[in-house]
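Notes for the one structure printed next.
What follows draws every value from the coordinates through simple rules; no lab data is involved. For clarity, every value in this text was computed on a predicted model and none was experimentally measured. Glycine also receives a Cβ, built like all others from the backbone with ideal geometry; neighbour counts cover every protein chain displayed.
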Amino acid sequence: MRFEKRTPQLRLRLEGWRSRLVLALCALGFAVLAVRAFWLQGFNHDFLQQKGEARYGRVVAMPASRGPVKDRNGQPLAISTPVESIWASPEDFEADEPRLRALAKALGVDAAEIRQKVASKDRQFVWLRRHISPEQAVKVMALAVPGVFQQREFRRFYPAGEVMAHVVGFTGIDDAGQEGIELARQDWLAGVPGSRKVIKDRKGRIVEDVESLRVPRDGRALVLSIDQRLQFLAHRELKAAVEANRARGGSLVMVDARTGEVLALVNQPDYNPNNRAAVTGRQTRNRSVTDIFEPGSTMKPFTVAAALEAGIVRPQTVIQTGPGTMAVGGWTISDTHPHGALTVQQVIQKSSNVGTAKLQLQMRPEEIGAFYRELGFGSPPDTGFPGEAKGLLRPAAKWRPIEQATMSYGHGISVSLLQLARAYTIFTGEGHLLPLTLVRRDGQPIGKPLVSRETAHEVARMMEMAVGPGGTAPRAAVPGYRVAGKTGTAHKAEAGGYAESKYVSSFVGFGPVSAPRFIVAVMLDEPSGARYYGGDVSAPVFSSVMGAALRLYAVPPDAPQAHQALVPARPAATEARAPSAGGEG
């Protein structure tokens, strides 16, 4: 049978409008899809691109190295060494129990700790262990645990250890300064991390390095004023003195008398910045900068300098200090031994509290108070070191006569050892007060004139007498050199009064007198041995450090042979006793 003769019911015919309707619906569908595609690609492109890249693209940090810290001669004091850190992507982490235990063993952590860190699958990054050796990192990555990666970081290392700890300080786990110069110069030393864009597969492996977004910038090098050789000498001698005198602690500051650069700064107790597992705040505290104490008789040269400058006395003016005591407003000021009539020179040589009190009471409180403030007492020394103490100096308008008198020999005023060392620059710098710095200084600083050249030289000669025979500190003498200085011994202020058997013993001096090169300030906190006077426990430290420094820097000897022969080896201390209200002078 032919096709044309089939049954009519088998034939399919569509009305014209129905075909047109189907065609219109198809066209409309394609138009909607086109509009949607245009909308997504044209107006919502950034959002979709971001979502897509989030599934395979990553921005990887490129660590920057922290700038090195060096001493004035280029010796490294703080350097950054590359280390490896292990991290994981919880959403990609896959490890059965045996592999998890193997990973924990390789990292040196507990398996439960790793399990807890990767439990939250909505996180993309967790640290498993930071700052491990490259060898340990190789063992970890050899396990090939999916979702575990390594990242290069930098760890700070301090070659000088405890010798430089209080100056340089240390950084935290994120390589940011926490103490010392590391904290004070954080902006200078810290580098700027870089970043790069990469493509990773579903297991977190980098399959393509797309582009560098930011090149890392390493931190800048910092050269300190510290001389590591002098720092080592100072650390050794101070530690020996603290142990020999069973002191609670101690500090030493050495300053270049010409430039105001701090050449050495050490404290006891100390700590190892490379291993801080058991370090306490008492060990990390930089006592030379942050702690204040009553300086005792080391203040007397300033009292005499102010009196000379005011024209009240001359070096040969006689002051009656007998019978060794003096009443001021119901209080008694006393010397250890009565001396009778003393010249102003001998007041410093014998360290007479009565003598300096009489001098200071002849001046107006506002006059001497202003002089103390110009010396830097009552304000931070402005070296930029964190935690600088400003000390304690009450307004002169509130001084009572007894307070004015006791301040002449260092009671009722509190200073840091760094402040005290700086104040002595007026005796080595022709009457000019020099600014201090912990960073190497290339030029000569401009000092602030406080006293005349003649006054500075006169007081320096008086302090030289204090170090010679008949003075309070012959144990500070340095064979071959003329040195000058002043002792200080004060009862410790405690609970609104003074501790009867606790002392702060100090000595501040400089040398050689003919052309001052170094200033050395030493303080021992609570020496509990048989001796506690500054001339007995602090002056010998000055002698050892000053002598070694002068020889190390090849400073020509300036002491005549006859003068050297007069210096006794181990003389007895004759330091004057301070009033009962304040302590030892």
Spin-label model distance (nm) - V215 vs T280, 7 Å beyond Cα toward Cβ: 5.0 nm
Ordering of 435-444, 116-125 by burial proxy (mean other Cβ atoms within 10 Å per residue, highest first): 435-444, 116-125
Label-reachable residues, segment 394-437, where backbone N falls under 15 Å from a point 7 Å from H457's Cα toward its Cβ: 427-432
If we sort 493-505, 355-367, 251-263 on the protection proxy, mean other Cβ atoms within 10 Å, highest first, what's the order? 251-263, 355-367, 493-505
Testing the spin-label approximation: label points 7 Å from Cα along Cα→Cβ at I446 and T325. State their distance in nm. 5.3 nm
Sorting check: for 403-413, 307-317, which peptide has the highest mean count of neighbouring beta carbons within 10 Å, and how do the rest follow? 403-413, 307-317
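To the nearest 500 deg cm²/dmol, what mean residue ellipticity at 222 nm is calculated for the chain from DSSP H runs of n ≥ 4 alone, each contributing -39,500 (n - 2.57), summed and divided by the residues? Intermediate results must be reported in sequence, preceding the final value.
Working: 22 runs with 191 residues, N = 585.
After summing the helix terms and dividing by residue count, I get -9000 deg cm²/dmol.
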Using modelled amide H (1.01 Å from N, peptide plane; none on Pro or chain starts), what sits under 5 Å from the amide H of V328, excluding residues fewer than 5 places away? I333
For the chain the mean separation of alpha carbon contacts under 8 Å (6+ apart) over residue count, i.e. relative contact order in percent, is 14 percent
Return the percentage of antiparallel bridges among DSSP beta bridges fully within the chain, rounded to the nearest 5 %. 95 percent
As an exercise, use a Förster radius of 35 Å and the Cβ-Cβ distance of S120 and F157 to find the FRET efficiency, rounded to the nearest 0.05. 0.50
Residue span Q75 to V109: 0.36 nm per residue of separation minus Cα-Cα distance leaves a gain in nm of 8.6 nm
Beyond a 29 Å Cα-Cα separation, which of these cross-linked pairs lie in this structure: K70/K486; K448/K492; K117/K139; K239/K398; K398/K448; K358/K486? K70/K486; K448/K492; K239/K398
